[in-house]
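K.L.:
Pasting in a structure now, in structure tokens, and then I'll have a few things to ask.
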Amino acid sequence: MHEFSVMSQIVDAIMEEANKREAKKIEGVTIELGEFTMLGEEQMRFSFEVLAKGTMMEDAVLVFRRTDGEIECACGYRGAMSSSEDAAHGSTLILECPQCGGGANIVGGRECVIRDIKMVVPDV
Amino acid sequence: MDKVLISQVGFSTMHKVVTVDMMKDILSANRKLADQNQALLDEHGIRAFDFLGAIGSGKTLIIERLIDKLKGDGKRCAAIAGDVAGDDDYRRFSAHGVAAENISTGKECHLDAHMVDHALERLPLDDLDYVFVENVGNLVCPVDFPLGSHKRVVVISVTEGDDMVRKHPAIFAFSDVVVINKVDLADAMEVDPDSLATDARRTNPNAKVVIMNARQGRGIDDLAEALGL
Ligand SMILES: Nc1nc2c(ncn2[C@@H]2O[C@H](COP(=O)(O)OP(=O)(O)OP(=O)(O)O)[C@@H](O)[C@H]2O)c(=O)[nH]1
Ligand SMILES: [Mg+2]
Ligand SMILES: [Zn+2]
Ligand SMILES: [Zn+2]
Ligand SMILES: [Zn+2]
């Protein structure tokens, strides 16, 4: 539900970088969404459309990548969540350590990263 | 790096297309502020608890009960009420004779660390032991915006149905304590509080689960214990 405000921060950051480099046009942006964020790609795209209209990034191609979350357990395990598909519950988030069955903590996958920006800049 | 002749794209000088590496995490600014909030609280020896949960699940009433209990123990509490609009929860906290702050988020569906930072600035931090923060009723967004509290409590009630944990696992994974409230209404709702508890433990084996009837004050002692109060 807060995709719009997150996207407006992204647009501001893109604009700041573009101005610094005297860019004329933004051609593309790659954004990584951590597995454990609540940001939806569709709402992000819609927000971008609204925010970018009439600016140099209007025609930019947005590429979204999901990055895997990471959990950590007292037993020393660090890595992906255990696969959580099961017939009764469907896919869900389960912080059970796949190595020892104990409770694990989320240590990665909460990010929303602007990976890179493709822009048209003066050739000096 | 592919160079483009700018006449093609309507510019008058030579331009090129570059890919700029950014690696900028947009959510990290909030996390940094949250860490600063926690450092500020630690400096003052204050423990803070963040209450999240569904709309109307009983967050305010539970904090009111905790405040009364702690006041009885001679502890000094404050509460920060986050709501999209209005100051109803703020007034309810104030009526208990504690320092309270209201945060109207406007259009935002969640509190963020910056808003809490400003509320903390207005609280008498030197004279407090505990701060309770009530987030906007919402089981989705707060997950992306930690506030700097020491423990997070997610409050759901049987009136929201028996599938709340399965539908919103992230907020349960994000919380330290899960309160299942309004168990006095369980029969009427035909919802089994234990099945909600089982789902919560499955999603987050580290979380403590407290079954509660805040109206009658049942389970408040268990919650206080789960929070180390
Ligand atoms: N029957 C029953 N009612 C409860 C219980 N806990 C809270 N309520 C009632 O539920 C209603 C909502 O309680 P609040 O404490 O305002 O809930 P909230 O989560 O703060 O609500 P919002 O801030 O609006 O999201 C009030 O009428 C409470 O009296 C309970 O354990 N049993
Ligand atoms: Mg409330
Ligand atoms: Zn939101
Ligand atoms: Zn383990
Ligand atoms: Zn400010």
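K.L.:
Tell me, yes or no, whether region B:68-79 has at least one residue that is within 16 Å of ligand 3 (Cβ to nearest atom) and out of contact with any Asp or Glu (no Cβ under 6 Å at 6 or more places or on another chain).
P.N.:
No, there is no match, as no residue in region B:68-79 is within 16 Å of ligand 3 (Cβ to nearest atom) and out of contact with any Asp or Glu (no Cβ under 6 Å at 6 or more places or on another chain).
K.L.:
Follow-up. Among the numbered conditions (1) more than 14 Å from chain A (Cβ to nearest Cβ); (2) surrounded by fewer than 15 Cβ atoms within 10 Å (Cβ to Cβ); (3) within 12 Å of ligand 1 (Cβ to nearest atom), tell me where B:Ile55 comes up short.
P.N.:
That leaves (1) as the condition not met.
K.L.:
Let me ask you something else. For region A:3-37, enumerate the residues that are without any contact (Cβ under 8 Å) to a residue 24 or more places away in the chain, more than 16 Å from ligand 5 (Cβ to nearest atom) and not charged (D, E, K, R).
P.N.:
Once the filter is applied, which keeps residues that are without any contact (Cβ under 8 Å) to a residue 24 or more places away in the chain, more than 16 Å from ligand 5 (Cβ to nearest atom) and not charged (D, E, K, R), region A:3-37 yields only A:Asn19.
K.L.:
Exactly one condition in (1) within 16 Å of ligand 3 (Cβ to nearest atom); (2) at negative phi is not met by B:Gly106; state its number.
P.N.:
Every listed condition holds for B:Gly106 apart from (2).
K.L.:
Spot the failing condition for B:Arg76; the list is (1) over 25 Å from B:Ile220 (Cβ atoms); (2) away from ligand 2 (no atom under 16 Å from the Cβ); (3) not acidic (Asp, Glu), and only one is missed.
P.N.:
Only one criterion in (1) over 25 Å from B:Ile220 (Cβ atoms); (2) away from ligand 2 (no atom under 16 Å from the Cβ); (3) not acidic (Asp, Glu) is unmet by B:Arg76, namely (1).
K.L.:
Quick check on my filter: what residues within region B:60-97 are touching a Leu at 6+ places or on another chain (Cβ under 9 Å) and more than 16 Å from ligand 5 (Cβ to nearest atom)?
P.N.:
Listed by number, the residues that qualify are B:Ile62, B:Arg65, B:Leu66, B:Lys69, B:Leu70, B:Asp73, B:Lys75, B:Arg76, B:Cys77, B:Ala78, B:Arg92.
K.L.:
Pull up region A:100-114, narrow it to residues that are under 13 Å from A:Asp68 (Cβ atoms) and more than 7 Å from chain B (Cβ to nearest Cβ), then point me to the one that is surrounded by the fewest Cβ atoms within 10 Å (Cβ to Cβ).
P.N.:
A:Val107
K.L.:
A further question on this structure: Say whether the condition of being among the polar types (S, T, N, Q) and touching a residue at least 40 places away in the same chain (Cβ under 8 Å) is met by at least one residue in region B:86-94.
P.N.:
no
K.L.:
Still on this model: Of the residues that sit in region B:132-163 and are assigned to a strand (DSSP E or B) and within 10 Å of ligand 1 (Cβ to nearest atom), which one is surrounded by the most Cβ atoms within 10 Å (Cβ to Cβ)?
P.N.:
In this case the residue turns out to be B:Val155.
K.L.:
Would region B:62-77 turn up any residue that is farther than 16 Å from B:Leu229 by Cα, crowded, with 17+ Cβ neighbours inside 10 Å and under 18 Å from the mean Cα position of the chain (by Cα)?
P.N.:
Filtering region B:62-77 down to residues farther than 16 Å from B:Leu229 by Cα leaves none.
Scanning region B:62-77, I find no residue that is farther than 16 Å from B:Leu229 by Cα, crowded, with 17+ Cβ neighbours inside 10 Å and under 18 Å from the mean Cα position of the chain (by Cα), so the answer is no.
K.L.:
Can you give me the number of residues within region B:105-120 that are more than 14 Å from every other protein chain (Cβ to nearest Cβ) and touching a helix residue (DSSP H, G or I) at 6+ places or on another chain (Cβ under 9 Å)?
P.N.:
The total comes to 3.
K.L.:
Taking strands (runs of 3 or more DSSP E) that fall entirely within region A:1-73, which contain at least 3 residues that are modelled with pLDDT of 95 or more?
P.N.:
It comes to A:25-34, A:61-67.
K.L.:
Also, I was wondering about something else. For region B:150-170, give me each residue that is within 23 Å of B:His114 (Cβ to Cβ), in contact with a Lys or Arg (Cβ under 9 Å, 6 or more places away or on another chain) and within 16 Å of ligand 2 (Cβ to nearest atom). Reasoning before the result, please.
P.N.:
Step one: filter region B:150-170 for residues within 23 Å of B:His114 (Cβ to Cβ), giving B:150-154, B:170.
Remaining after also requiring in contact with a Lys or Arg (Cβ under 9 Å, 6 or more places away or on another chain): B:150-151, B:153.
Once the filter is applied, which keeps residues that are within 23 Å of B:His114 (Cβ to Cβ), in contact with a Lys or Arg (Cβ under 9 Å, 6 or more places away or on another chain) and within 16 Å of ligand 2 (Cβ to nearest atom), region B:150-170 yields only B:Val153.
K.L.:
Return the residue satisfying two criteria in turn: it lies in region B:95-120 and is buried (at least 17 other Cβ atoms within 10 Å of the Cβ) and without any contact (Cβ under 8 Å) to a residue 24 or more places away in the chain, and of such residues it is farthest from ligand 2 (Cβ to nearest atom).
P.N.:
Going through the qualifying residues, I end up with B:Glu101.
The values are calculated or read from the model by the stated rules, or taken from the named source; none is laboratory data. All figures in this text were calculated on a predicted structure; none of them were measured in a lab. Methodologically, a virtual Cβ is constructed for each residue, glycine included, from the backbone with ideal geometry; neighbour enumeration extends over all protein chains shown.
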